[in-house]
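The values are calculated or read from the model by the stated rules, or taken from the named source; none is laboratory data. The shown structure was predicted, so the numbers you read here are calculated from the model rather than taken from an experiment. Backbone-built Cβ (ideal geometry, glycine too); neighbour counts: all protein chains shown.
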Amino acid sequence: MKFASGDYAWGRCQRCGDKRKLLDLVEDKHTKGLMVCGPCFDIEHPTRKPFNPEDATALRKPSPDTDDDSGGSAVDITGTAQAGGSMTITLASSDTVSSNGYINSTITLTGGTGSGQTKTIQAYNSITKVATVDSPWSVTPNATTTYSIVVGLLGVGMGFTNFFGTGT
C-alpha cells in the first residue's frame, strides 16, 4: 500500500487545527508528540504559566461560585434534620421547597449524627418534609444532624418552577 508523501501529504496542527502540509508540521517544544504549525510552535500556553497569588484582584462584593456540573446555577440549602430512617431524612420544618423539588439534588450531612455522608435525593414530600435518598445511610441521621442540599436551578434534578413552589 502506498501512502501520500511530500507535497501530497497533509495534516492538521494539533493546537489550532489548521490544515497544513505534513512537512510544515513540527513537534511542539513544550509537549512531546504534539505536531504543530509554525505560528503555533512558540506559543506558551496560558495553563503552563504558574499561578501568582499576587496577581489576584480583590472584588468589592464577591459572590460564591455556585456553578454545578450542569452549567446552571445552584443554591445551597442548609438546615437541621427532624429525624431520619435507613434511607430517609426528615428535613427542617421550615423547608419551603415543593414536593419532588429536591429530586436528583445532592444532600451532605455536615454535622451531628452521620456527618460526612453524601447521597442523592430520589424523592421528596413537602408535606411530611421526608426526603428519600438513593442508598442506605451508613449511620442513620437524627435530630442532631445538620445538612446541606445543593439544588440546581437550571439543570440538575428539578425544574425551575419546582424550586419556587409553583410546579409539581
Inset, instruction - Of all residues in the range 10-22, count the ones that are loosely packed, with under 13 Cβ neighbours inside 10 Å and touching a helix residue (DSSP H, G or I) at 6+ places or on another chain (Cβ under 9 Å). - result: 1
Legend entry - Lone unmet requirement of (1) over 14 Å from Ala83 (Cα atoms); (2) modelled with pLDDT of 85 or more; (3) surrounded by fewer than 19 Cβ atoms within 10 Å (Cβ to Cβ) for Thr128: (1)
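Would you mention how many residues in the range 91-134 are among the basic types (Lys, Arg) and outside any strand (DSSP E or B)?
Of the residues in the range 91-134, 1 are among the basic types (Lys, Arg) and outside any strand (DSSP E or B).
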Inset, instruction - Could you give me the residue pairs with C-beta distances under 7 Å whose first residue belongs to the range 74-85 and is surrounded by 18 or more Cβ atoms within 10 Å (Cβ to Cβ), whose second residue is of a type in the set (Lys, Arg) wherever it lies, and which are 6+ apart or on separate chains? - result: Gln82/Lys129
Legend entry - Lone qualifier among Val151, Val156 - being modelled with pLDDT under 85 and assigned to a strand (DSSP E or B): Val151
Legend entry - Candidate set from the range 23-37 (those that are free of Cβ contacts under 8 Å to residues at least 12 places away in the same chain and part of a loop (DSSP other than H, G, I, E, B)); member that is surrounded by the most Cβ atoms within 10 Å (Cβ to Cβ): Thr31
